[in-house]
Amino acid sequence: MRLYNEPNPLEVKILTRRFGITNSHTLDVYLQNDGFQAFQKALGMKPDQIIDEMKASGLRGRGGAGFPAGMKWSFVPRSSPKPKYIVVNADESEPGTCKDRLLMEYDPIQMIEGMMIAGLAIDSHKAYVYVRGEYRYLIDLLDRVIDELYARGWLGKSIHGSGFDFDVYTHTGAGSYECGEETALLDSLEGKRGVPRLKPPFPAVAGAWASPTLLTNVETFSAVPAIIRDGGAAFAALGTPRNGGTRMFCLSGHIERPGVYELPMGFNLLQMINEVGGGVRGGRKLKAVVPGGSSCPVLKADECDIAMDFDALAKAKSMLGSGGVVILDETTCMVKFAMRIMKFYAHESCGWCIPCREGTAWLKKTLIRFHDGHGTSKDIDLIDDIAKNMLGRTFCALGDAAAMPTISIVEKFRDEFEAYLAKSSTTVRVPELTVV
Amino acid sequence: MIFPPELEARFDKMLKAYPEGRQRSAVIPMLMYAQDAIGMVTPELVQEVARRCGVTALQVDEVVGYYTMLHRKPFGRHHIQVCTNISCMLRGGEELLAHASKRLGIGNREATADGQFSLEEVECIGACSWAPALIDNYEFHHSVTPEKLDQLIDSLQKKAQ
C-alpha cells in the first residue's frame, strides 16, 4: 500500500518533494532529482559556514524536543581527538507518529545526504541509523540503498575523490519506546538495556562509546539537503519566527482523511483538521486534539485555533512534540483515553527510576479501577496528585510524558470524570475489581 | 552454533561495524536476526551471542529480558501483532484484537496448538494514519477490518496447506 497521500494544495513539499516519483528511493532517481547537489555544495563550504546555514534555517529537532538543530551541531567539539559519531534516531515510537517511516521508505538517500553534510560539519566519518525493530522492512531497504551507495562511490573512502570518508550502518532496536530517548538509545546501541544516562554530559560531548555524538531524528536530517541547497534563510522563511521550514504532520484518529502531510510550521490546527484532513469523521463535533504525540497535553476543541509551532504550543501549555496529531471526536471517553495512555507508559517505563516506574504503575491501576466502575471521589484528585508528583522528578522525559497528558485530561475534563463516577455507582462496568 | 551462510556473513559484517573493542554493540541485532532464523531465544543462543560479542551470558540475558521483541518461547509461524494504542483504539483496534483472539482461539502472547499463529497486543507500531493496523511477522497491514483480518488468516492458512 502506498503510504503518502495525493498532494494537498495547502502542502509545501520540501522533504516530500520526491514522493510520488517511481522508485524515488533509488540512487538513479535521486540523482536525477537534485540528489547530492547539497553535499557537493557543502564540500566547498567550511564547517562553520554549514553550521551557520543550519542556524539560519531555524530548523528545530523533529523528534519532539524541538531543540535548534544548528545549535546542537555547534556543541559537538570538532577538535576532540576522539572519533565523532552521527546517530540517527529512527526509533519512531511516539503514539500518533508515523512520519519517519515515509521519509525512509520513499526518500532514504535524502536522509543519508543530510547525515553526510552533518559529517562534513562536525568532522564525523561514521554514522549509525538506529531503527526500531518493527521497521525491519525499512532496515532491509536501507541496507540495499547503502550497498548501492558504496558500490557507486557515494559512501566509503574518499567519496567521489573528495577526500571525505563516510560510513553508514543500520542498527536494529528490539521493541522499546524508551530507546527513543537519546541516552537510552545510545545505551541500546552499545548493546545494553535501554535506560537513560545522567545528563550532562550531553551526547554531543560524550555519546556513543563515550565519544562526541550528533544524535538527531530522521526528519531533521532529511531537512538538511534542502537547507544547504537553497540556503537557510529560504527554509526559515517557510515557517514562523524561530520555527523554520515545514514539518510532517501525521493526522490520525477521528478524521476524514488521515495521513501524513507536509505543512509549514505555524499552520493553523483547525485549518489542518478541516481543510487538510477533511474535517472530523462523520461530521461529528471535535472534542480534543493531541497535538504532537501522546506525551503532549491535550487541547480542548476551543483551544485548537492555534498556530502549530513549538512556541505557540508551549504558550498554550502543550507541545508540538513529534508531529502526531490525534483527533478525538465528541464520542471519545476521556476516562478510557487517559487509561489507555497510562497503560502504554506503564508498559514502556524502563524501571530505572522510581517515580516513573511506580508512578506509571500506580496511575495505571487507579485509572483501570476508575474506568471499571470502582472509582471513588478521592480518585480524581489522587490521579492528579500522583501525576504532578512525577512531573520533573524522573531521570528522563518518559515520566513527564506520562504525567503531562494525564494532568491535562484531568484538569480539562474533570466534569467528565465526575459524571463518569456518578454513573459508576449505578453501572459497574467490570464486576470484579481487576488486580493489575 | 552455526547459522545459515547468509546470516554468518551478516554477523561478520556486523561485528566490524562497531569501533574496535565495542563488539558488545552487536548483541541486540545479533539476537534479533538469530531469533528470526531459529524461532526464539534459546539458552544456547544466549551463550553463542555472548561468545561472539565478547561479553558474559548474563549481559546477554539481561538484554533479552528487557526488550519486548526478544522472546524465550516460540511464537507461531505467523506472529500477528495488533496495535491498540490511541490512534488504533479510536478506529477499532481493540475490536480487531478481540476478533483475532476469537477467530484464532488464543489470547495475548499465546500460540495456536498447530504452531501456525500467535497473537500479541502491541503498543504503537507507527501506522497511526492507517489505523487500525497490525503486523504479521514483519509485514504491515493497514486499515484492517475484521473482514480483512479473516481474509488474511484464510489466505495464510491456505498457503500453509
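The values are calculated or read from the model by the stated rules, or taken from the named source; none is laboratory data. Quick caveat, the model's predicted, so the values are computed rather than measured. FYI the Cβ positions are ideal-geometry reconstructions off the backbone, even for glycines, and counts take in every protein chain you see. The protein model used for the area step is the full one, side chains on, heavy atoms only, and it has no ligands, DNA or RNA in it. Shrake-Rupley method; radii C 1.70, N 1.55, O 1.52, S 1.80 Å.
For region A:215-238, indicate whether the set of residues that are in contact with a Gly (Cβ under 8 Å, 6 or more places away or on another chain) and assigned to a loop (DSSP other than H, G, I, E, B) is non-empty. No, region A:215-238 contains no residue that is in contact with a Gly (Cβ under 8 Å, 6 or more places away or on another chain) and assigned to a loop (DSSP other than H, G, I, E, B). Could you please let me know if A:N274 is polar (S, T, N, Q), under 27 Å from B:S143 (Cα atoms) and away from chain B (no Cβ under 14 Å)? Criteria met by A:N274.
Taking helices (runs of 4 or more DSSP H) as the structural unit, those lying wholly within region A:291-394 and holding at least 3 residues that are within 20 Å of the chain's Cα centre (by Cα) correspond to A:310-315, A:334-348. Residue count for region A:253-265, restricted to those that are in contact with a strand residue (DSSP E or B) (Cβ under 6 Å, 6 or more places away or on another chain), under 21 Å from A:R281 (Cα atoms) and either of a type in the set (S, T, N, Q) or open to solvent by 20 Å² or more (accessible area, probe 1.4 Å) (or both): 1. Among the residues making up region A:185-209, those that are hydrophobic (A, V, I, L, M, F, W, C), within 11 Å of chain B (Cβ to nearest Cβ) and closer than 15 Å to A:Y128 by Cα are A:L186, A:L189, A:A208, A:W209. Taking the criterion of being of a type outside the set (D, E, K, R) and assigned to a loop (DSSP other than H, G, I, E, B), the residues of region B:73-94 that qualify are B:P74, B:F75, B:G76, B:T84, B:N85, B:L90, B:G92. Only one entry in A:C296, A:C250, A:C304 is farther than 23 Å from A:W73 by Cα, more than 14 Å from chain B (Cβ to nearest Cβ), of a type outside the set (A, V, I, L, M) and open to solvent by less than 10 Å² (accessible area, probe 1.4 Å), namely A:C304.
When A:K55, A:K41, A:K72, A:K84 are screened for being over 27 Å from A:A314 (Cα atoms), of a type outside the set (D, E) and more than 14 Å from chain B (Cβ to nearest Cβ), only A:K41 passes.
In region A:324-344, the residues that are within 7 Å of chain B (Cβ to nearest Cβ) and over 15 Å from A:S252 (Cα atoms) reach residues that are modelled with pLDDT of 95 or more and open to solvent by 10 Å² or more (accessible area, probe 1.4 Å) with C-beta atoms within less than 7 angstrom, at least six apart or across chains, in these pairs: A:R340/B:M89; A:F344/B:E123.
Condition (residue is of a type outside the set (A, V, I, L, M, F, W, C) and over 22 Å from A:G321 (Cβ atoms)) applied to region A:386-403: is it met by at least one residue? Yes, some residue in region A:386-403 is of a type outside the set (A, V, I, L, M, F, W, C) and over 22 Å from A:G321 (Cβ atoms).
Being in contact with a helix residue (DSSP H, G or I) (Cβ under 8 Å, 6 or more places away or on another chain), farther than 21 Å from B:F75 by Cβ and open to solvent by 70 Å² or more (accessible area, probe 1.4 Å) is the requirement here; does B:R10 meet it? Considered against the rule, which asks whether it is in contact with a helix residue (DSSP H, G or I) (Cβ under 8 Å, 6 or more places away or on another chain), farther than 21 Å from B:F75 by Cβ and open to solvent by 70 Å² or more (accessible area, probe 1.4 Å), B:R10 comes out as yes.
For region A:276-293, give me the residue count where each residue is at positive phi and buried (at least 19 other Cβ atoms within 10 Å of the Cβ).
Residues flagged as at positive phi and buried (at least 19 other Cβ atoms within 10 Å of the Cβ) within region A:276-293 amount to 1.
May I ask you to verify whether B:A100 is more than 13 Å from chain A (Cβ to nearest Cβ) and either touching a helix residue (DSSP H, G or I) at 6+ places or on another chain (Cβ under 8 Å) or over 28 Å from A:K343 (Cα atoms) (or both)? Considered against the rule, which asks whether it is more than 13 Å from chain A (Cβ to nearest Cβ) and either touching a helix residue (DSSP H, G or I) at 6+ places or on another chain (Cβ under 8 Å) or over 28 Å from A:K343 (Cα atoms) (or both), B:A100 comes out as yes. Can you find even one residue in region A:105-114 that is at positive phi and within 14 Å of chain B (Cβ to nearest Cβ)? So far as region A:105-114 goes, no, none of its residues is at positive phi and within 14 Å of chain B (Cβ to nearest Cβ). Exactly one of these conditions fails for A:E148: (1) within 9 Å of chain B (Cβ to nearest Cβ); (2) in a helix (DSSP H, G or I). Give me its number. Here A:E148 clears every test but (1). The conditions of being surrounded by fewer than 23 Cβ atoms within 10 Å (Cβ to Cβ) and of a type in the set (A, V, I, L, M) are met by A:L155. Inspection of region A:229-237 finds a residue satisfying the criterion of being surrounded by fewer than 24 Cβ atoms within 10 Å (Cβ to Cβ), closer than 16 Å to A:R62 by Cα and under 22 Å from the mean Cα position of the chain (by Cα). Count of region B:129-145 residues, restricted to those that are more than 9 Å from every other protein chain (Cβ to nearest Cβ) and within 14 Å of B:M69 (Cα to Cα), is 1. Just one of the listed residues (B:L119, B:L97, B:L70) is among the aliphatic types (A, V, I, L, M), assigned to a helix (DSSP H, G or I) and either crowded, with 18+ Cβ neighbours inside 10 Å or modelled with pLDDT of 95 or more (or both), and it is B:L97. Taking the options B:G126, B:G115, B:G107, name whichever one is at the interface with chain A (Cβ under 9 Å from one of its Cβ atoms) and of a type in the set (G, A, S). Answer to the selection: B:G126.
When region B:34-59 is filtered for residues that are crowded, with 18+ Cβ neighbours inside 10 Å and either at the interface with chain A (Cβ under 10 Å from one of its Cβ atoms) or not in a helix (DSSP H, G or I) (or both), the ones remaining, listed by number, are B:Q35, B:V41, B:V49, B:C53, B:V55, B:Q59. For A:H347, the criteria (1) within 25 Å of A:G239 (Cβ to Cβ); (2) out of contact with any Lys or Arg (no Cβ under 8 Å at 6 or more places or on another chain); (3) within 14 Å of another protein chain (Cβ to nearest Cβ) hold in every case but one, which is (1).
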